[in-house]
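For reference, the structure discussed in these notes is given below.
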Amino acid sequence: MNQELLRIVDSIARDKNIEKESIFNDIEMSLHSAARKFYGEAEDVACTIDRMSGDIQVNKNGTLIDYREFGRIAAQTAKQVLIQKIREDERGSILEEFADRQGQIITGAVARVEGNALSINLGRCEGFLPKSEQIPGETHHVGERIRCLVLEVRDVGNHVKIVLSRSHPDFIRRLFELEVPEVQEKIIEVKALAREAGYRTKIAVSSIDTKVDCVGACVGVRGSRIKNIVDELGGEKIDIVRWNESSQVLITNSLKPAEIVEISLNFELGRATVVVNETQLSLAIGKRGQNVRLAARLTGWDIDILTPGEYSKGLDDLEKAMRTIEGVDDKFIDRLVALGIIDLRDLQEVGFEPLVKELELTEEFAKRVIDVGREAGKRVEEEDKARKIADAEAAKQEDLAADAATTAEPAASEAPSENAESTGDTGTGQAEAQGIDASEPASSN
């Protein structure tokens, strides 16, 4: 019984996660190659290994032969074939293992820094974390343990390439599954997620159990759960939004902490017009438009933020243009607004087909409405452009006047200074002439 061979096969199978049967087959193929190398290609050679005892049998033309007589060259051939076959089996095992783990979080240590990319030691192999999949602003050093999402696994030539990511939105989703048991147990569901890695993330959640507060469970006691996620992301801000089937409510929740005055939805264009007070405008838009941009991606709506003045002006322009058409009344304008058309731009973009379908207008009348809206839109656009030019010119004149006033101020301030100096000298001289000390107050006696 060849116990040594069985121990070696068992050890390789455990270390490289390869089936024992595959290793036995590889050894048989390597011995077959060695025999053909020793005896020649024309000979009929068969090699078998007993899986229980480990005994090796090599037959040539039906006659049992001793494989120990193959010689050095044949043995070298067997070694090369065996190494190649085991590497192929290992590569297949790695590909299968990590293909099943695609989309999951894995922990590894930074092995090397190659330019802007990182090589992550995953145990049996190395993963690749490109610069594009790293969180902006993060730095890592060799030996540091980090979590990554297995983004892609593919067989490239003679090795398996595992692409990792820390900037993908699913990385946030998996972190919530790890930190929030209710998410892992599907009691809380992550409905939507929008992320700008390194800066801000909005995540919409809902609960199938009315007794479980989805937002509170994700935040944790004193923010303990969300804090662990934020720390893992290097301080990235996370907004947890309560999901709602109503688009208006969802948009309102997604734009918090900004207070919303009114929302108008245009289903034909997929556009939501949100009205906020001027004091809330910067809060709703966010730094560099980040808040409204993430809200749009989270809800699936193209969101426009307007002030009440801008919203009213759009409605006024629309109403004035429609009033010029015979047969248009307040009811028709209200139906346009209910359709989500709140200004002349919406009217031009939506086209006449929705007007025919939703408002039950004739094609001729619908085209007339669109044509009038297009002409009015051009006129309003030209008026707005002229007003902007006039405002810019007025502002320029004000700046010039302010510069002129600033230049004149030093000259005006110099003259009084000289007069005051001469007056002061004269007063002092008169006091000295009368024999009175100007530095002391005069006695009342």
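Taking the residues in region 76-105 that are part of a helix (DSSP H, G or I) and in contact with a strand residue (DSSP E or B) (Cβ under 7 Å, 6 or more places away or on another chain) as candidates, determine which candidate is farthest from Q3 (Cα to Cα). The qualifying residue farthest from Q3 (Cα to Cα) is A99. Residues of region 97-112 include none that is free of Cβ contacts under 8 Å to residues at least 12 places away in the same chain, touching an Asp or Glu at 6+ places or on another chain (Cβ under 7 Å) and not assigned by TED's automatic domain parsing to the domain that holds E19.
The helices (runs of 4 or more DSSP H) located wholly in region 332-445 that include 2 or more residues which are at pLDDT 85 or above and over 39 Å from the mean Cα position of the chain (by Cα) occupy 363-433. Taking region 1-40 as the region of interest, how many residues are under 18 Å from I65 (Cβ atoms), in a loop (DSSP other than H, G, I, E, B) and not polar (S, T, N, Q)? Selection size over region 1-40: 1.
Here V215, V249 are screened, and the one residue that is over 29 Å from L149 (Cα atoms), of a type outside the set (S, T, Y) and either in contact with a helix residue (DSSP H, G or I) (Cβ under 7 Å, 6 or more places away or on another chain) or not in a strand (DSSP E or B) (or both) is V249.
Looking only at residues that are among the small types (G, A, S) and farther than 11 Å from K202 by Cα in region 236-260, which one is modelled with the lowest pLDDT? Even if it seems obvious, please write down each step before you answer.
Our first condition is that a residue be among the small types (G, A, S); within region 236-260, this holds for 246-247, 254, 258.
Retained after the next criterion (residues that are farther than 11 Å from K202 by Cα): 246-247, 258.
Working: S246: 92, S247: 92, A258: 89.
In this case the residue turns out to be A258.
So is R154 over 25 Å from K237 (Cα atoms), exposed (fewer than 15 other Cβ atoms within 10 Å of the Cβ) and not assigned by TED's automatic domain parsing to the domain that holds S30 or not? Answer is yes for this residue.
Residues in region 126-134: is at least one crowded, with 16+ Cβ neighbours inside 10 Å, in contact (Cβ under 8 Å) with a residue 12 or more places away in the chain, of a type in the set (F, W, Y) and assigned to a loop (DSSP other than H, G, I, E, B)? The answer is no; no qualifying residue exists. The C-beta contact set for region 67-88 (first residue in contact (Cβ under 8 Å) with a residue 40 or more places away in the chain, second residue surrounded by 14 or more Cβ atoms within 10 Å (Cβ to Cβ) and among the aromatic types (F, W, Y), distance under 6 angstrom, 6+ apart or interchain) comprises A74/F38.
Taking the conditions (1) free of Cβ contacts under 8 Å to residues at least 12 places away in the same chain; (2) in contact with a Gly (Cβ under 9 Å, 6 or more places away or on another chain); (3) of a type in the set (A, V, I, L, M, F, W, C) in turn, V249 satisfies each one other than (2). Against the numbered list (1) in contact with a helix residue (DSSP H, G or I) (Cβ under 8 Å, 6 or more places away or on another chain); (2) among the β-branched types (V, I, T); (3) surrounded by 17 or more Cβ atoms within 10 Å (Cβ to Cβ); (4) assigned to a helix (DSSP H, G or I), I73 comes up short only at (3). Residue-level check: of (1) loosely packed, with under 14 Cβ neighbours inside 10 Å; (2) under 19 Å from A75 (Cβ atoms); (3) not aromatic (F, W, Y), V58 misses just (1). Annotation: E310 fulfils all but one of (1) over 32 Å from the mean Cα position of the chain (by Cα); (2) surrounded by fewer than 20 Cβ atoms within 10 Å (Cβ to Cβ); (3) without any contact (Cβ under 8 Å) to a residue 24 or more places away in the chain; the unmet one is (1). Screening V45 on (1) of a type in the set (V, I, T); (2) under 58 Å from the mean Cα position of the chain (by Cα); (3) crowded, with 19+ Cβ neighbours inside 10 Å shows it passes everything except condition (2).
The values are calculated or read from the model by the stated rules, or taken from the named source; none is laboratory data. Treat the numbers as computed from the prediction; the structure is a model and nothing was measured. Glycine also receives a Cβ, built like all others from the backbone with ideal geometry; neighbour counts cover every protein chain displayed.
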